[in-house]
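Presented below is the structure to which this report refers.
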Amino acid sequence: MSTLSQEANLKEINAYKKKINWGDVSAVYHIFSSSLGDVDGILTHGFDSAYKQILNPNSWNLSLLGASKGADGSVKIKNKAQISLRHEFNDMGYELHCYPVIDGKNVTQNMINKGNCPFNTWLPEKTQMLFRINSLVAFSMYCFQSGDEADVALLKFAHYKVEELITTLSESFQIVAVKGYSIAEFYKEIANRNGNIHNQDS
């Protein structure tokens with residue numbers, strides 16, 4: 001039976017999962033994969049998200065950032081806004097949180113039309129959580145205890161997708177800190193707490 005390539009996309013991983021399990025896919029896999037599908041298309045799907053909102057230059061305090069517009073209408077930034085990111089794991093799953101940084105400190109309260117804030121409007125309840133991957137903690141435990149090749153591939157895909165989205169943010173912002181475990185580090189911590197690190201069958 002053919003195995004997955006290291007660069008397999010979400011569609012290929014899901015198809016492989018069904019193939020090796022005769023179409024029988026667990027509920028936790030389905031929930032995790034579906035949520036990951038939303039994150040995979042976060043910049044191309046039509047629905048809005050905090051992640052897309054903060055990448056929109058119209059939401060930035062352009063005068064603070066020394067912005068100018070090119071002849072083609074593109075915005076050129078002299079000073080990138082500073083942000084801090086945090087990996088959060090909870091009962092819902094995994095979340096990437098974002099904080100504007102002002103004078104070296106994370107902003108955790110509402111900021112509306114404040115001259116020193118890099119965003120015109122910052123409402124933590126709406127913009128702090130950039131996106132969520134549902135059931136990641138439950139899926140990580142399931143993957144460690146009884147995961148097959150497709151489960152491990154899906155978890156790796158989640159890790160690489162989050163890292164890719166952070167890299168995209170770094171193109172528009174100066175990321176001064178990324179705190180908390182990454183998805184890969186979180187999985188290793190589960191393995192460490194439950195004995196030897198989970199080794200896949202080769």
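The values are calculated or read from the model by the stated rules, or taken from the named source; none is laboratory data. What you see is a predicted model, and the numbers here were worked out from it, not measured in a lab. Note: ideal-geometry Cβ built from the backbone for every residue, glycine included; neighbour counts use all protein chains shown.
Got a sec? Which helices (runs of 4 or more DSSP H) wholly within segment 99-188 have at least 1 residues that are touching a residue at least 40 places away in the same chain (Cβ under 8 Å) and charged (D, E, K, R)? Talk me through it step by step, then tell me what you get.
Details: elements: 124-127, 136-146, 149-172.
Result: 124-127, 149-172.
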(1) touching a Leu at 6+ places or on another chain (Cβ under 6 Å); (2) within 30 Å of Lys19 (Cα to Cα) all hold for Asn110 apart from (2)
From Ser26, Ser49, Ser59, residue being hydroxyl-bearing (Ser, Thr, Tyr) and more than 27 Å from Thr121 (Cβ to Cβ): Ser26
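Go through segment 35-51 and give me each residue that's in contact with a strand residue (DSSP E or B) (Cβ under 9 Å, 6 or more places away or on another chain) and either among the aliphatic types (A, V, I, L, M) or surrounded by fewer than 13 Cβ atoms within 10 Å (Cβ to Cβ) (or both). Break it down stepwise before answering.
First, the residues of segment 35-51 that are in contact with a strand residue (DSSP E or B) (Cβ under 9 Å, 6 or more places away or on another chain): 35-36, 38-39, 42, 49-51.
Selection gives Leu36, Val39, Ile42, Ala50.
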Of all the residues that make up segment 123-172, how many are buried (at least 16 other Cβ atoms within 10 Å of the Cβ), polar (S, T, N, Q) and touching a Leu at 6+ places or on another chain (Cβ under 9 Å)? 3
Restricting segment 1-34 to residues that are farther than 12 Å from Glu149 by Cα and aromatic (Phe, Trp, Tyr), the residue that is surrounded by the fewest Cβ atoms within 10 Å (Cβ to Cβ): Trp22
Does Gln109 satisfy being within 15 Å of Gln128 (Cβ to Cβ) and loosely packed, with under 11 Cβ neighbours inside 10 Å? yes
Which helices (runs of 4 or more DSSP H) does segment 1-66 wholly contain that include 1 or more residues that are charged (D, E, K, R) and more than 16 Å from the chain's Cα centre (by Cα)? 10-20
I need every pair where a residue in segment 1-26 that is at pLDDT below 80 has its Cβ under 9 Å from the Cβ of a residue that is among the small types (Gly, Ala, Ser) and in a helix (DSSP H, G or I), sequence separation at least 6 or different chains. Leu4/Ala150; Leu4/Ala153; Gln6/Ala153
